[in-house]
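Working notes, beginning with the structure itself.
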Amino acid sequence: MRTVMRPGDDGVKPYPLLNSLVVPRPIAWVSTVSGDGVGNLAPHSFFTVVCADPPMVAFSSVGEKDTVRNVRDTREFVVNVATQRLKHAVNNSSARFDPSDDEAAELGLTMEDSDTVRPQRVAASPASIECVMHTMLQLGDSTLIIGRVTAFAIDPDILDGDHPTFEGLAPMSRLGLDEWGNPPEVIHLDRPGPPSDIHRFD
């Protein structure tokens, strides 16, 4: 018999349950800039693709953080791939820095100019997605930000033709509590044919 926990019941904490059950989660390492020109860099693990044409990505921030304020003010942001090699920098950028601090500068990370937006990219990240804000939506204690992609900036060393390789990206993922996921083993499955050709699960 399963243990059933309902949001709102005494002792039930939905947030850590969601973090432990919705796994693994890709990490949007988001760089923004304030209206006063102060850079900000922070990881957000509520992150996904939401539209193919036009290309759009989305991430959520729990609480009113510098990232949200900056995107609200400037309507621009960059999602940098959080790689295995950069995992400690990604984790450390989640510390509670003062809004006047530039996390990249504090952590010794080199930034580079983006091509289509004002926020800079993390130079050591092999791929970045430049975005302009499409929608900002308040959902309870969290803010959902949807961005329209204006450019993909990808290190040519990780490209196989026009395709970024998973091995080259080596992306980290977030799990529950203090758990992180290394790049997983990659398997290949062909898309299914007609339902009549599909075997039942036994």
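Tabulated data for the structure shown
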| read-out | value |
| --- | --- |
| Selection within region 25-59 - aromatic (Phe, Trp, Tyr) and either free of Cβ contacts under 8 Å to residues at least 40 places away in the same chain or farther than 10 Å from ALA82 by Cβ (or both) | PHE46, PHE47, PHE59 |
| Inter-residue pairs, beta-carbon under 9 Å, first free of Cβ contacts under 8 Å to residues at least 12 places away in the same chain and of a type in the set (Gly, Ala, Ser) and in region 107-126, second open to solvent by less than 70 Å² (accessible area, probe 1.4 Å) and not in a loop (DSSP other than H, G, I, E, B), 6+ apart | GLY108/ALA89 |
| Filtered residue count, region 113-139, keeping only those that are open to solvent by 70 Å² or more (accessible area, probe 1.4 Å), of a type in the set (D, E, K, R) and either closer than 24 Å to HIS163 by Cβ or in contact with a Ser or Thr (Cβ under 9 Å, 6 or more places away or on another chain) (or both) | 2 |
| Region 1-24: number of residues that are touching a residue at least 40 places away in the same chain (Cβ under 8 Å) and small (Gly, Ala, Ser) | 1 |
| Hits in region 129-149 (condition: in contact with an Asp or Glu (Cβ under 9 Å, 6 or more places away or on another chain) and under 15 Å from THR32 (Cα atoms)) | GLU130, CYS131, VAL132, MET133, GLY147, VAL149 |
| Lone unmet requirement of (1) under 26 Å from LEU177 (Cβ atoms); (2) in a strand (DSSP E or B); (3) among the polar types (S, T, N, Q) for GLN138 | (1) |
| Members of region 147-165 that are open to solvent by 30 Å² or more (accessible area, probe 1.4 Å) and either among the aliphatic types (A, V, I, L, M) or part of a loop (DSSP other than H, G, I, E, B) (or both) | ILE154, ASP155, LEU159, GLY161, ASP162, THR165 |
| Count - residues of region 171-202 that are surrounded by fewer than 10 Cβ atoms within 10 Å (Cβ to Cβ) and either hydrophobic (A, V, I, L, M, F, W, C) or touching a residue at least 40 places away in the same chain (Cβ under 8 Å) (or both) | 6 |
| Lone unmet requirement of (1) closer than 24 Å to VAL50 by Cβ; (2) in contact (Cβ under 8 Å) with a residue 40 or more places away in the chain; (3) buried (at least 16 other Cβ atoms within 10 Å of the Cβ); (4) not hydrophobic (A, V, I, L, M, F, W, C) for GLY168 | (1) |
| Helices (runs of 4 or more DSSP H) within region 1-100 that include 1 or more residues at pLDDT 95 or above and open to solvent by less than 10 Å² (accessible area, probe 1.4 Å) | 66-74, 87-92 |
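The values are calculated or read from the model by the stated rules, or taken from the named source; none is laboratory data. Just so it is clear, the structure is predicted and the values come from calculations on it, not from any experiment. Every residue, glycine among them, receives a Cβ derived from its backbone with ideal geometry; neighbour counts consider all protein chains shown. The accessibility values were calculated without ligands, DNA or RNA, using every heavy atom of the protein model including side chains. Shrake-Rupley method; radii C 1.70, N 1.55, O 1.52, S 1.80 Å.
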